[in-house]
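The values are calculated or read from the model by the stated rules, or taken from the named source; none is laboratory data. Small disclaimer: the values here were computed from a predicted structure and weren't measured. Positions of Cβ are generated from backbone atoms using ideal geometry, with glycine treated the same way; all protein chains shown enter the neighbour counts.
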Amino acid sequence: MAYLDEIKATVKARNPHDREFLQAVDEVLDSLEIVVEKDPSLLGSGIFERIVEPERQIIFRVPWVDDKGKVQVNRGYRVQFNSAIGPYKGGLRFHPSVNLSIIKFLGFEQVFKNALTTLPMGGGKGGSDFDPKGKSDQEIMRFCQSFMSELYRHIGADCDVPAGDIGVGAREVGYLFGQYKRLRNTFSGTLTGKGLTWGGSLIRKEATGYGLCYFTEAMLNDHQKSMAGKKVVISGSGNVAIYAAEKAAQLGALVIAMSDSKGYVYDPCGIDLDLIKEIKEVKRERIKVYADMKKDVTYVDCCKDIWTIPCDIALPCATQNELDEAGAKALLSHGVIAVAEGANMPCTPEAIAAFQNAKILYAPGKASNAGGVACSGLEMSQNSMRYSWSSEEVDAKLKTIMESIYQNVAQTADAYGHTDNFVVGANIAGFLKVAQAMKEQGIV
């Protein structure tokens, strides 16, 4: 459609080097052509022009002192993308790969993901090119305090509520929150992923992985299948991957492979999750150690090759664009029946096309990995009430949210003539909710 093509061209001209952001925008706008055809009134209020432009982009210097007394300088980001349906909500990522393009793509995706959760949250994202790996606790604390010394001006419980992401776990959230509280002299629900003794929610650490499996199971059930008895390959070994593996096993699946940024392990008898947790959560070591400690386990020094392992279900839970066309073809050649994204945009456009052309079940991350931010929304609710739900209550609410996301996505795809195209369903369902709020609030 010429109108949306013009918007794409404008976005590309304004962001010529932001590859990940442009990829995300193209994918969403391609899905929305049929929405414009059905409701041309959307064109008159500039919804599309506004929804692809962040409301605010903040870039700042983060100076800190390492253990040798040397001053280090990193770059910090916060992109507040859209607040039409609630305060900006999205994680902070600390990783050397972080740049403005990645933060904008993540913030843009967060807008639609948060809309799908049914909770009142807008979309945002932030982070830094700081690498926590190999740093002492004191170095990480000094960095987090410096980072928050700038970020605190731009966030708040009713304005922007960051959370964790890659490189930002409970330790980092604690240091960030402590500095925020010190600077603002207020105790509020401004960050989520907090410790359980000071405002955090039960199940938050597990939520993205659990939610991914709840969504996948709902998708399979709707097609007279289930996870029970299926072989599952999961990329990554952070929170998302670990707790996706845990929930998959609880649902009767056999998880046979996991990875980190260096390589993957294949355990045909099923991954020993307690050992993975010890290696990754306690010792913070490479996944290769798993193969050193267990018999009949294969370690391969190339994480991308994990997709060559025959499986029924693939759950990419590591990072963006990790599963390319070659990986997709390898999975399809071995009879994979479902792929659901646990990471943000882990499948390349070519991989997605391969899955859709093969008519397998494919779930995009903005729907299938929404469990983390959904639980963050539940944490915000508990903070507002000064109240805590039990783990069973939170888990039940999470399961209900993920099942409702699946139903919304599936029904929307069907209503627009694209049955089982969950990319189209997720993009349209999320967009329609945000667009309606933007129309009603005027040109802002």
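Tabulated results
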read-out: Residue match in segment 237-250 (condition: closer than 25 Å to ILE140 by Cα, assigned to a loop (DSSP other than H, G, I, E, B) and outside the structural domain of PHE130 (by TED's automatic domain parsing)); value: yes
read-out: Yes/no for SER188 being closer than 26 Å to ALA413 by Cβ, among the hydroxyl-bearing types (Ser, Thr, Tyr) and more than 21 Å from the chain's Cα centre (by Cα); value: no
read-out: Top-ranked residue of segment 262-300 - restricted to ones that are touching a residue at least 12 places away in the same chain (Cβ under 8 Å) and acidic (Asp, Glu), ranked as nearest to ALA318 (Cα to Cα); value: GLU281
read-out: From LEU32, LEU119, LEU92, LEU43, residue being surrounded by 15 or more Cβ atoms within 10 Å (Cβ to Cβ) and more than 18 Å from ALA157 (Cα to Cα); value: LEU32
read-out: Enumeration of residues in segment 384-395 that are among the hydrophobic types (A, V, I, L, M, F, W, C) and surrounded by fewer than 17 Cβ atoms within 10 Å (Cβ to Cβ); value: MET385
read-out: Options MET402, MET438: the member that is within 24 Å of ALA314 (Cα to Cα) and at pLDDT 95 or above; value: MET402
read-out: Residue in segment 229-262 that is surrounded by the most Cβ atoms within 10 Å (Cβ to Cβ), counting only those that are aliphatic (A, V, I, L, M) and under 21 Å from PHE94 (Cα atoms); value: VAL240
read-out: Scope segment 247-279; condition under 22 Å from the mean Cα position of the chain (by Cα) and among the hydroxyl-bearing types (Ser, Thr, Tyr); matching residues; value: SER259, SER261, TYR264
read-out: Search result, residues across segment 215-256 that are modelled with pLDDT under 95 and closer than 14 Å to GLY371 by Cα; value: ASN239
read-out: Filtered residue count, segment 62-83, keeping only those that are surrounded by 23 or more Cβ atoms within 10 Å (Cβ to Cβ) and hydrophobic (A, V, I, L, M, F, W, C); value: 2
read-out: Residues of segment 413-444 classified as closer than 21 Å to ALA84 by Cα and not basic (Lys, Arg), total; value: 18
read-out: Single match in VAL336, VAL265 (criterion: crowded, with 19+ Cβ neighbours inside 10 Å and closer than 26 Å to PRO364 by Cβ); value: VAL336
read-out: Matching residues in segment 349-388 - criterion: being charged (D, E, K, R) and farther than 16 Å from VAL161 by Cβ; value: GLU350, LYS359, LYS366, ARG386
read-out: The listed residue being touching an Asp or Glu at 6+ places or on another chain (Cβ under 8 Å) and buried (at least 23 other Cβ atoms within 10 Å of the Cβ), out of SER128, SER201, SER136; value: SER201
read-out: Segment 238-255 residues that are in contact (Cβ under 8 Å) with a residue 60 or more places away in the chain, paired with ones that are of a type in the set (Lys, Arg) and assigned to a helix (DSSP H, G or I) (beta carbon under 8 Å, 6 or more apart); value: GLY238/LYS280; ASN239/LYS205
read-out: Set LYS205, LYS181, LYS262: member being of a type in the set (D, E, K, R) and more than 29 Å from ASP292 (Cα to Cα); value: LYS181
read-out: Identity of the residue in segment 396-421, surrounded by fewer than 20 Cβ atoms within 10 Å (Cβ to Cβ) and either in the same structural domain as ASP158 (by TED's automatic domain parsing) or within 13 Å of TYR210 (Cβ to Cβ) (or both), that ends up farthest from the chain's Cα centre (by Cα); value: ALA396
read-out: Hits in segment 207-228 (condition: in a helix (DSSP H, G or I), surrounded by fewer than 24 Cβ atoms within 10 Å (Cβ to Cβ) and without any contact (Cβ under 8 Å) to a residue 60 or more places away in the chain); value: ASN221
read-out: Breaking point among (1) more than 11 Å from PRO316 (Cβ to Cβ); (2) surrounded by fewer than 24 Cβ atoms within 10 Å (Cβ to Cβ), for THR348; value: (1)
read-out: Some residue of segment 53-70 being among the aliphatic types (A, V, I, L, M) and within 22 Å of ALA115 (Cα to Cα); value: no
read-out: Selection status of ILE309, closer than 20 Å to GLU341 by Cα, assigned by TED's automatic domain parsing to the domain that holds LEU212, in contact (Cβ under 8 Å) with a residue 24 or more places away in the chain and in contact with a Cys (Cβ under 8 Å, 6 or more places away or on another chain); value: no
